[in-house]
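A short worksheet on the structure shown next.
The values are calculated or read from the model by the stated rules, or taken from the named source; none is laboratory data. Just so you know, these numbers come straight off a predicted model, no measurement behind them. Backbone-built Cβ (ideal geometry, glycine too); neighbour counts: all protein chains shown. Only protein heavy atoms, including side chains, enter the accessible area calculation; ligands, DNA and RNA are left aside. Shrake-Rupley method; radii C 1.70, N 1.55, O 1.52, S 1.80 Å.
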Amino acid sequence: MSKRIAGVLFVLVCTACAMMGCKSWEPIKTETGTCSEDRQWVPPKQDPESGKWTEGYCEWKPGKAG
């Protein structure tokens, strides 16, 4: 039983380390509402044909993605 618990803990630790390595845990926006480091704001845009607006969003800066 203790070997099974140790194995599960090992898998969880490895998964957490892998997630930290690719920065997938980083929030897109900070508490102040701005994009986090390594990301930039893309403002809302209006489609000239339909007149519909897209929402603004944070995207990775060139060369910084995960």
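If Lys64, Lys3, Lys52 are ordered by their accessible area, calculated over protein heavy atoms with a 1.4 Å probe, which sequence runs from highest to lowest?
On the way: Lys64 100, Lys3 175, Lys52 145 Å².
I get Lys3, Lys52, Lys64, largest accessible area first.
Which GluC sites (Glu not before Pro) in the range 32-63 pass both tests, a DSSP loop state and at most 14 other beta-carbon atoms within 10 Å?
Details: sites: Glu37, Glu49, Glu55, Glu59; in loops: Glu37, Glu49, Glu55.
Here the GluC sites (Glu not before Pro) that fit, given the DSSP loop and packing criteria, are Glu37, Glu49, Glu55.
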